[in-house]
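Following: one structure in structure tokens, then a few remarks.
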Amino acid sequence: MLSTTRAIKDAALTLVAARLRENSATIFAANEEDLGAARAAGLPAPILARLGYGDKKLAESVAMLGALAALPDPAGRVLEARRLDTGLVLRRVSCPIGLVALIFESRPDALVQMAGLAAKSGNAIIVKGGREAELTNRALASIVASAGIEAGLPDGWLGQIETRSEVAELLALDQYVDLVIPRGSNEFVRHIMDTSRVPVLGHADGVCHVYVHGDADLDMAVRIAVDSKAQYPVACNAAEVLLVDAAIADRALPRLAAALGLAGVALEFCPRSYTVAGPGAGRALKTDEDWSVEYLDYRMAVRVVDSLDDAIAHINRYGSGHTDAIVCASDGVARRFMDEVDSASVFHNASTRFADGYRYGLGAEVGISTGKLHARGPMGMDGLMTYKWKLEGHGHIVGDYASGARSFEHVDLDCGREAGNGQG
């Protein structure tokens, strides 16, 4: 995959999209069988929602593949260039990581996303989905892999494993596998990290917040809160906690609670917010201090805070570092919130649901990383790239510099132009 041209990569993405459409009946039939088995097993509604792969998910997959094909090739970009001395030029050049393994639960659309990102970035990939989506994943992997090969990608560019024993074996192959990306529950990600000899980039909980500040436009706050929670509540970027400034709680909470209730959201209030909002259908008093719950459902926790400082402190203590939003009119307040909340994505007057690789213009996403190393937030192709240093000289040796016969210039060059023989 290292030397695959952009033309082949883009042709593969286009053909994968076409083959998915052509074989939609096969994919949907496999998915219906998986869904039937999942319902019979009593799997919870959030998992069933993630498990589904119908017309809407297929259309999203096709759009994602088209968006990836339209993006520039991420491989071979000169990230920095420097003339160390006359005729001695150093370049830092982007290149794919190599062989990446994606281990994920539920969502079969993650397989298509990751395969598309791997093809565009020039990485080979091994996928392992959850047992609940076994038939769907098998159908998708077969269609995607064969379409890629037909378009010119090397045989084996996409591999699939299905059993736990195969996962255990893969996690020990650090001489072959360059990176493991687990997507699922916190417990699942931690298990992979604890048992792998291969570097792991974990994607886990999304405990996201919407904070309504004292100067917020309430019409805007209602729209953002409802969208953040109810637009697609099983997503990791759906808001799980609503924080309301005490200065406007009397005016804001009744409107916010009513709008969220109309959207089907059950609310769990802190004692202060419950007193203001009052009892009603779908409303309950929160009886514990666990504010780090990821519901992934039409449920949301509500808390009144006394100030911006309290909101920031709450988010940094109980949040997962995923995505948090403030609704406010003051640019200064927004700036403080966005600077001091320690999350991968921080928004002002916008729904948390925007935290997504496709919506960010990344084409698609590997997942959303809440860590701080290598990649953070929606992880697109850049997260699947590394770099190498390339040095071109004309018989240069370190001894000449150690002896003082020559000295370094260290002149930064324009990355967008050819440095030629190092004279420019």
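The values are calculated or read from the model by the stated rules, or taken from the named source; none is laboratory data. Just so it is clear, the structure is predicted and the values come from calculations on it, not from any experiment. Cβ coordinates were reconstructed from backbone atoms using ideal geometry, including for glycine residues, and neighbour counts include every protein chain displayed.
Here are the numbers:
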{"quantity": "Members of the range 262-275 that are surrounded by 18 or more Cβ atoms within 10 Å (Cβ to Cβ) and farther than 19 Å from residue 247 by Cα", "calculated": "265, 267, 268"}
{"quantity": "Residues located in the range 336-356, provided they are surrounded by fewer than 17 Cβ atoms within 10 Å (Cβ to Cβ) and in a strand (DSSP E or B)", "calculated": "348"}
{"quantity": "Number of the condition not met by residue 167 [criteria: (1) free of Cβ contacts under 8 Å to residues at least 40 places away in the same chain; (2) part of a helix (DSSP H, G or I)]", "calculated": "(1)"}
{"quantity": "Residue ID - surrounded by the fewest Cβ atoms within 10 Å (Cβ to Cβ), chosen from residues in the range 1-31 that are outside any loop (DSSP other than H, G, I, E, B) and free of Cβ contacts under 8 Å to residues at least 40 places away in the same chain", "calculated": "25"}
{"quantity": "Test result for residue 359, part of a loop (DSSP other than H, G, I, E, B) and without any contact (Cβ under 8 Å) to a residue 24 or more places away in the chain", "calculated": "yes"}
{"quantity": "Those residues of the range 155-164 which are surrounded by 11 or more Cβ atoms within 10 Å (Cβ to Cβ) and outside any strand (DSSP E or B), in sequence order", "calculated": "156, 157, 161, 162"}
{"quantity": "Candidate set: the range 211-244, residues that are modelled with pLDDT of 95 or more and of a type in the set (Gly, Ala, Ser); chosen: the one farthest from residue 309 (Cα to Cα)", "calculated": "230"}
{"quantity": "Test: residue in the range 388-398 that is farther than 26 Å from residue 103 by Cα, under 20 Å from the mean Cα position of the chain (by Cα), surrounded by fewer than 23 Cβ atoms within 10 Å (Cβ to Cβ) and not charged (D, E, K, R)", "calculated": "no"}
{"quantity": "Boolean, residue 177 is surrounded by fewer than 22 Cβ atoms within 10 Å (Cβ to Cβ), part of a loop (DSSP other than H, G, I, E, B) and at negative phi", "calculated": "yes"}
